Amino acid sequence: MGKGFAVVDLETTGLFPTKHDRIVEIGIVLVSPEGEIETRHETLVNPNRDMGPQHIHGITAAAAARAPLFEQIAPNVADLLDDRVPVAHNASFDSRFLGFQMAQAGLRVAEPERWLCTMRMSEGVSGYRRLAECCTAVGVQLASAHSAGGDALATAQLLSLYMRTVSNRPYWDSWLASAAHYGPFAVDPTVRWTARTEAFEQDHSFVDRLVGSLTATRLGAQLNVDYLALLDRVVSVSEASALEALAQGLGLTPEDVRLAHRAYFDGLVATAWEDHVLTDAEAAEIRSVSELLSIDEDVVASSLAAAPSTPAPLLTSGFRLEPGDIVVLTGEMSKPREAWSEVLTRLGLIVKSNVVKKTKLLVAADPDSLSGKAKTARECGVTIVNEAGLEKLLDA
């Protein structure tokens with residue numbers, strides 16, 4: 001007789017593991033033979049590729065980069081599932097996807113036909129299939145939908161309720177008797193699971209991190225602020241590291257950095273007010289950059305209220321796209337890549353499928369993308385922007 005049930009939920013980059021889609025989050029809830037919830041386990045997983053439909057799972061590449069690789073957690077996953085009945089809502093998907101990646105790691109889990117599916121059970125209990133509808137129908141709270149931990153817990157609660165509703169003990173005992181034992185497994189205790197909430201906690205702000213890394217050597221009042229040419233008004237994790245290294249290389253002090261950030265902000269404000277009209281989009285951009293660069297709230301308020309009395313130099317960047325420049329796209333964007341390719345091609349730009357040394361720009365759905373294209377771009381010093389950054393460059 002098995003030790004109980006192991007309820008599994010996965011968030012993935014797509015639907016096809018054999019076509020390079022990968023797990024980006026796994027949640028496992030252990031349930032006793034009587035239906036009592038015992039323990040919860042969840043972690044993000046670094047897929048070592050782009051994140052796929054981020055609008056569904058909501059996981060950033062920066063968060064995934066802090067998480068373990070699947071092969072690192074695979075023995076622990078196998079150990080949690082060992083001698084238990086694997087359960088999932090839509091078990092056909094989870095069993096096959098997890099089975100594929102476990103096999104890649106040299107391990108195994110129960111075959112798909114030995115998984116218990118709460119979606120199929122729900123059809124007979126409530127008539128619904130989708131997890132959210134099944135939970136609502138029987139009064140189970142679904143918190144954090146499309147997070148592996150939240151969905152696994154809700155599925156475990158459904159299982160517990162169904163075990164009480166379907167009071168056929170021989171039925172449940174037959175499932176428990178089918179639990180397979182494959183262990184023991186070489187679980188590495190040093191591999192740390194990283195829950196979504198933990199990975200999404202912000203480290204020190206970009207500005208705090210930057211000024212805390214600098215020396216006391218001053219360059220003087222004349223500062224070159226090109227290092228803050230934020231084309232997409234976003235500082236990704238990789239960009240933050242590059243800016244930190246550059247600031248150190250330039251010998252900037254914390255005060256130098258604050259002055260540079262204020263000069264950048266003032267230039268942005270001057271550019272926005274150049275036509276004597278501040279649009280909602282421009283105001284939102286000013287607020288966004290002010291938060292990024294830790295600009296004083298009073299300064300921001302006055303900047304939004306009226307044009308500066310002493311205009312600062314307009315904010316410009318030396319980066320331009322010209323006909324013949326090579327542009328590469330990566331990740332699942334809000335606008336299909338094919339549509340972007342048509343726009344770029346009409347403007348005389350060359351859209352390539354892979355990054356080469358002559359590539360001028362990589363456009364990524366997530367600036368911290370873990371895709372091979374993004375990694376090559378960083379190695380070659382190719383500029384990376386998101387879709388908003390591309391739109392600004394095309395407007396320019």
### Task
Go ahead and collect, in residue order, the members of the stretch 83-103 whose backbone nitrogen is under 17 Å from a label point 7 Å along the Cα-Cβ direction of GLU123.
88-95
### Query
What is the sum of charges around LEU159, taking Lys and Arg as +1, Asp and Glu as -1, for the other residues whose C-beta is under 13 Å from the C-beta of LEU159?
-2
### Task
Quick one: dipole size for the chain, taken about the Cα centre, charges +1 on Lys/Arg Cβ and -1 on Asp/Glu Cβ, in debye to the nearest 20.
1140
### Query
Considering only protein heavy atoms, what is the solvent-accessible area of GLU38 at a probe of 1.4 Å, reported in Å² to the nearest 10?
90
### Query
What full-extension length gain, to one decimal in nm, is calculated for GLU34 and LYS357 as 0.36 nm per residue of separation minus the Cα-Cα distance?
110.2 nm
### Query
What shape does the stretch 322-364 take by its C-alpha gyration tensor, where a ≥ b ≥ c are the square roots of the eigenvalues and a/c under 1.5 counts as rounded, a/b above b/c as prolate, and the rest as oblate?
oblate
### Task
Compare the peptides 11-17, 43-49 by average per-residue count of other Cβ atoms within 10 angstrom and give them in order, highest first.
43-49, 11-17
### Message
I'd like to compare 338-345, 79-86: which one has the highest average count of other Cβ atoms within 10 Å, and what's the full order after that?
### Response
79-86, 338-345
### Task
Give me the distance between the Cα centres of the stretch 43-120 and the stretch 333-396, rounded to whole Å.
30
### Task
Sort the stretch 84-210 into rounded, prolate or oblate with this rule: let a ≥ b ≥ c be the square roots of the eigenvalues of the Cα gyration tensor; rounded if a/c is under 1.5, and if a/c is not under 1.5, prolate when a/b is larger than b/c, oblate otherwise.
oblate
### Max mean-square fluctuation residue, GNM over the chain, Cα-Cα springs under 10 Å, options ASP151, ASP298, ASP366
ASP298
#### Entry: Length-normalised contact order for the stretch 323-371 - Cα pairs under 8 Å, 6+ apart - percent
57
### Query
For the stretch 285-396, what ratio Rg/Rh do Cα atoms give with a Kirkwood hydrodynamic radius?
1.06
### Message
Given an 8 Å cut-off on Cα distances and at least 6 residues of separation, report the relative contact order of the chain as a percent.
### Response
16
### Query
When the chain is fully extended, how far beyond the present Cα-Cα distance does GLU391 get from GLU322, taking 0.36 nm per residue of separation?
23.4 nm
### Message
Show me the ranking of peptides 286-297, 53-64, 19-30 by mean Cβ neighbours inside 10 Å, starting with the highest.
### Response
19-30, 53-64, 286-297
## Note on the structure
Using alpha-carbon positions, the gyration tensor of the chain gives root eigenvalues a ≥ b ≥ c; with a/c under 1.5 called rounded, otherwise prolate if a/b exceeds b/c, else oblate, the class is prolate
### Task
Quickly work out the TYR171-to-GLU338 label distance, labels modelled 7 Å from Cα along the C-beta direction, and quote it in nm with one decimal.
4.6
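The values are calculated or read from the model by the stated rules, or taken from the named source; none is laboratory data. What you are looking at is a predicted structure, and each value in this text was computed from that prediction instead of being measured. Every residue, glycine among them, receives a Cβ derived from its backbone with ideal geometry; neighbour counts consider all protein chains shown. To get the accessible areas, we keep the full protein, side chains included, count just its heavy atoms, and leave off ligands, DNA and RNA. Shrake-Rupley method; radii C 1.70, N 1.55, O 1.52, S 1.80 Å.
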